[in-house]
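The values are calculated or read from the model by the stated rules, or taken from the named source; none is laboratory data. Nothing here was measured: the structure is a model prediction, and the numbers come from that model. A quick note on method: Cβ atoms are made from the backbone with ideal geometry, for glycine too, and the neighbour counts reach across all protein chains shown.
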Amino acid sequence: MANKRIEIMDIKFLLQLKVQGKSNRSIGLLLGRSRNTINEYVALFNSGSESLEELSQKSLGELHELVSKLKGGDFGQTDSRYKDLEKAKDKYLNDLKRPGATYQIIWQQYRSSYPDGYGYTRFKHHLQTLSRSLDFSMPMQHEYGDKLFIDFTGKKLGVVDRSTGEIEEMEVFIGILGASNYTYVEACRSQKMEDFMRCTVNCLEYFGGVPKALVPDNLKSAVSKASNYEAKINTQYKSLGVHYGTVIFPTRAAKPKDKALVEGAVKLVYQRMFFELSKMTFFSLAELNEQISILLEPYNERSFYKQTESRKERFDKNEKALLAALPKYRFEPKEIKRAKVQKNCHVYLKEHYYSVPHSYMGKRVKVHFNAISVEIYHNYQRIAIHKRCEKPWAYTTIKEHIPSHHQFVMSWSAERFIRWAHKIGSATGQYVERVLEQSNYPEQAYKSCLGIINLGKKYTNERLEKACARGVLYGKYSYRTIDRILVKKLDQEQEQEQEQQLKLPLHENIRGGAYYD
């Protein structure tokens, strides 16, 4: 048995497991020892006068002395070395959380403080043994600046509708940094994508930086398809990760230990925040979140159990500087749809059309949109951005997106044609105004006005002005009317002749005004 010694901590665990009725084989698997070694130690304890239950209640020191007596010699390692390591274990375990830290580096620090201490192999073994809890649950070692764990509480908080008195239940979002345990809490209306992403962004802004990974639970707003090996991340939530330069790393499905940290935080939030909030009545979500923020500050400033350091102190001291900087612009949640650029250089989105550079005509694109803006991407490159417009069946167009030979047509408007016509003369301006007034279809009227104005290039603006004056006298408003006047040179006749032509000729059968006196 001399070559099969196990540590006192493991012997303590062995005794506890035997009291629980575990078999020697299962205990050997848990401790990483052979069944024969466990059999020998169990036989050794059974040879004594005390029961296994009594032995399991002894301290580590008492067990060390007992095993030494039963074995007839010293047990374990030099007592002073183990006590030195036990005293300094919190420092070494805390240092292991730092990015880049390894057992080799920590051991070198240990040997510089204790030159006669353990070698590397025994040091690592003892430190890992000391880090175990009595129920064999090995705590996860989190690095500072590494992970942000995200979840919603099971219980909800109520907001009262002033007009009806009905209570609307609000979801409660929790984010906790793995190493420092620095926590963020916010109430929201649902776990839907928009609320979930807004809470995540608010959480990152509360911390003032971005960790290397976001670890959400497998809720639908974050994970499209759960998997223990390669979960499919929701596209919109993935875009949030890209914006902030962080990785989305969901917990495994049906693996509660993966999110033990945030589950523990939820229990503490119930005790230290929900209890106080249950005594109050809130009439809006804003009021509720205001009170949550008030309670959150003392929660983070409260010292850990049996420790002098708080979450905030640990965060400020060790983790804040290791978070990546927030990007310049805040992430705004957007829906994503696929579209095809039409032949008119626009894409269709919810009864509205948005322009795209004409070189992408016929291409498949992705449209990212919310209530504020519309962004259009091709092969992950943004090719257009517009303000969101809710006007149905209308066009939002950037002139440069349209081919040059079409840009002139885009600039057509009634006001432009009227200004253009008045530059030729008042009669031309008046005539064009009448053409526009009488048309039920603006685009057709624009073509008529363009044709009339272009007649000035063919016949001179002076003749066009006279032709329009004659057209007003006729009371007929069309391109063909002005064109006929100019072709027949009616605009060149004297005004007196025009008036005579318009007057009825004298005739004996026509009664004068005196006839009616």
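The single condition among (1) outside the structural domain of Met170 (by TED's automatic domain parsing); (2) not in a helix (DSSP H, G or I) that Lys279 does not meet is (1).
Would you check which residues across the stretch 263-286 are in contact with a Ser or Thr (Cβ under 9 Å, 6 or more places away or on another chain) and either hydrophobic (A, V, I, L, M, F, W, C) or at pLDDT 95 or above (or both) and list them? Result: Ala265, Val266, Leu268, Val269, Phe274. Taking Pro99 as the residue in question, decide whether it is in contact with an Asp or Glu (Cβ under 7 Å, 6 or more places away or on another chain), surrounded by fewer than 17 Cβ atoms within 10 Å (Cβ to Cβ), at pLDDT below 75 and not basic (Lys, Arg). Against the criterion (in contact with an Asp or Glu (Cβ under 7 Å, 6 or more places away or on another chain), surrounded by fewer than 17 Cβ atoms within 10 Å (Cβ to Cβ), at pLDDT below 75 and not basic (Lys, Arg)), Pro99 qualifies.
Quick grid of which residues meet (1) at pLDDT 80 or above; (2) surrounded by fewer than 14 Cβ atoms within 10 Å (Cβ to Cβ); (3) of a type in the set (Asp, Glu); (4) farther than 25 Å from Ser80 by Cα:
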residue: Gly28; (1), (2), (3), (4): yes, no, no, yes
residue: Gly32; (1), (2), (3), (4): no, yes, no, yes
residue: Thr37; (1), (2), (3), (4): yes, no, no, yes
residue: Tyr41; (1), (2), (3), (4): yes, no, no, no
residue: Asn46; (1), (2), (3), (4): no, yes, no, yes
residue: Glu54; (1), (2), (3), (4): yes, yes, yes, yes
residue: Ser59; (1), (2), (3), (4): no, yes, no, no
residue: Glu62; (1), (2), (3), (4): no, yes, yes, no
residue: Ser68; (1), (2), (3), (4): no, yes, no, no
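None of Gln141, Gln191 is surrounded by 15 or more Cβ atoms within 10 Å (Cβ to Cβ) and either assigned to a loop (DSSP other than H, G, I, E, B) or in contact (Cβ under 8 Å) with a residue 24 or more places away in the chain (or both) except Gln191. Taking every residue in the stretch 293-321 that is closer than 20 Å to Tyr270 by Cβ and pairing it with any residue that is of a type in the set (Phe, Trp, Tyr) and assigned to a helix (DSSP H, G or I), at least 6 positions away or on another chain, the pairs with Cβ-Cβ distances below 8 Å are Asn300/Phe315; Arg311/Tyr299.
Look at the stretch 34-57: where a residue is in contact (Cβ under 8 Å) with a residue 12 or more places away in the chain and in the same structural domain as Ile11 (by TED's automatic domain parsing) and a partner is of a type in the set (Gly, Ala, Ser) and part of a loop (DSSP other than H, G, I, E, B), sitting 6+ places away or on another chain with Cβ atoms under 8 Å, you get Leu55/Gly48. Here His126 passes the criteria (1) closer than 27 Å to Thr251 by Cβ; (2) modelled with pLDDT under 85 except the one numbered (1).
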